[in-house]
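Here's the structure, in structure tokens; my notes come after.
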Amino acid sequence: MNVLVTGGAGYIGSHAAKLLLTSGHNVTILDTLELGHEQVVTNLRTLPQANEQTLAFCKGSTADRETVTKLLREREVECVMHFAAYALVGESVTDPLKYHRNNTGAAVELLEACDASGVSKFIFSSTCATYGEPSEEFIPIKESTPQHPINPYGNAKLAFEKALMDFRTKREIEGRPFACAMLRYFNVAGSDPDVLIGEDHDPETHLIPIILQAALGKRPGVTIFGTDYPTPDGTCIRDYVHVQDLVSAHATVMNALGDCDLRTYNLGIGKGLSVREIIEAAKQVTGVDFKVSEGERRPGDPPTLYADPSRVRAETDWVPQFTDVNEIIRTAWDWFSAHPDGYAS
Ligand code: UDP
């Protein structure tokens, strides 16, 4: 299939681009390179499957409807996987319009470009942040859990989910089938087991990369944000899913989408691990006894979030390969120890 991967030079998008390319699809990466890395494209070009037909790169924004329409037509794109987005919850509170402009507005422009070209499938990177802080009765989180985001990041992602659903309905009414999937991610972690691509955020805010940077001596240590949560060890519980498994779910769903399908899936392993458990696992994997301190809660962190992934498991062939967190951390450690300064290394 001919697939456009927006944000394909970023962390999750690059793993999707690699998987699609190595499974025989033609990939077009669209990325502003504001947060993505050109080195991703260079590295993907070293793959034996990569040539001018199978891998193309366009530096640009989904907001540029004219350019994107032209690109979709030229590359005869059939499916769009839309990863490009800002994803810092704290920043979304201080600059909400940045999130609404990009994560919703620019994504709507992308849909307009899809409407003007031959795209008939759309897979959207949504988030468990659209559920906000579900009460205990909704844990583990099913797709039917009420969506009440508690920050502009979640609001903007939910707004685009709704735009996408409305657009799909319009196309069905017109008799021009358009299928879409909303994939709500939990905590994505780990890196490409081949170490060709990996995680490189600036600033880094996520727990596992921060821990591994501490293990590498690039940070003085790790601070646990809150030890008084109503959880067994007092620290927050999250569902860590390997990036390779996450993107394989995208490919599985893309292949499963029928003409006018609308699918919504939670992508997590279905197992909750606390911050302390992640720290202990990382100490084992790295063999480094890095410094750990206990700090205040980070505003907006719900105590417990983990998925009920039974719908995606029942309705598709998706089987996550990385169910042991030590293995997830090991792939991240392989990347970070080989690239302590990310793609700049
Ligand atoms: N966390 C922490 N110290 C850090 C970074 C994160 O204790 O330096 C905690 C954070 O409060 C949350 C969990 O680790 O409970 C996962 O945070 P992350 O930012 O990786 O993902 P989130 O769940 O916020 O999407």
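Annotations for the structure displayed:
- GNM on the chain, alpha-carbon springs under 10 angstrom: the most fluctuating residue among Gly190, Gly287, Gly132 is Gly287.
- In a fully extended conformation the segment linking Lys218 and Ala163 would gain 15.6 nm over its present Cα-Cα distance, using 0.36 nm per residue.
- Going by neighbour counts of Cβ atoms within 10 Å, the residues Arg73, Arg330 line up, fewest first, as Arg73, Arg330.
- Between 0 and 90 degrees, the angle of helix 65-74 with respect to the longest Cα principal axis of the chain falls at about 70 degrees.
- Neighbour-count order for Asp64, Asp95, fewest beta carbons within 10 angstrom listed first: Asp95, Asp64
- FRET efficiency, Ala116 to Glu38 (Cβ-Cβ, R0 30 Å, nearest 0.05): 0.60
- For the listed residue pairs Lys98/Lys162; Lys142/Lys170; Lys18/Lys170; Lys157/Lys271; Lys70/Lys121, the alpha carbons are over 21 angstrom apart in Lys142/Lys170; Lys18/Lys170; Lys157/Lys271.
- Per the Cα gyration tensor, the range 4-134 maps to an equivalent ellipsoid with semi-axes of 25, 17, 13 Å, ordered largest to smallest.
- Normalised contact order of the range 72-130, rounded percent, pairs of Cα under 8 Å and 6 or more residues apart: 61 percent
- When all alpha carbon pairs of the range 212-345 are counted in 10 Å bins from zero, the resulting P(r) reads 11, 33, 33, 18, 5, 0 %.
- Site pair Asp317 and Met1 shows an inter-label distance of 1.3 nm when each label is modelled 7 Å from Cα along Cα→Cβ.
- Over the range 218-345, relative contact order from alpha-carbon pairs under 8 Å, at least 6 apart, %: 37 percent
- Measuring nothing but how far apart in sequence close Cα pairs (under 8 Å, 6+ apart) lie, relative to its length, the range 75-217 scores a relative contact order of 26 percent.
- Unit charges at the beta carbon, dipole of the chain: most positive-side option, Thr94, Thr104, Gln284: Thr104
- Fluctuation leader among Pro232, Pro193, Pro320 - the chain, Gaussian network, Cα springs under 10 angstrom: Pro232
- Panel values: the chain, Kirkwood radius from alpha carbon pairs, Stokes-Einstein at 25 °C and 0.890 mPa s, translational diffusion coefficient 120 µm²/s.
- Under the Debye formula (equal points on every Cα, no solvent term), log10 I(q)/I(0) of the range 1-61 at q = 0.18 Å⁻¹: -0.48
- For the range 212-277 and the range 1-17, distance of Cα centres in Å: 19 Å
- Note on the chain: with charges restricted to the Cβ of Lys and Arg (+1) and Asp and Glu (-1), its dipole about the Cα centre is near 320 debye.
- Spatially, the range 99-160 and the range 309-335 are offset by 22 Å when compared through their Cα centroids.
- Listed by chain and number, the lysines placed with their C-alpha closer than 18 angstrom to that of Lys291 are Lys218, Lys283; residues fewer than eight positions away on the same chain are left out.
- Where labels lie 7 Å past Cα in the beta-carbon direction, separation of Arg101 and Arg297 in nm: 3.3 nm
- Using a Förster distance of 22 Å, the FRET efficiency for Asp228-Thr94 (Cβ separation, nearest 0.05): 0.25
- Relative exposure of Leu88, Leu71, Leu305, judged by other C-beta atoms within 10 Å (fewest first): Leu88, Leu71, Leu305
- Computed [θ] at 222 nm, deg cm²/dmol, the chain (DSSP H ≥ 4; -39,500 (n - 2.57); rounded to nearest 500): -11000 deg cm²/dmol
Here, each number is a calculation from the coordinates, and none is a lab measurement. Source: prediction; values computed, not measured. Here Cβ is always computed from backbone atoms with ideal geometry, including for glycine, and neighbour counts include all displayed protein chains.
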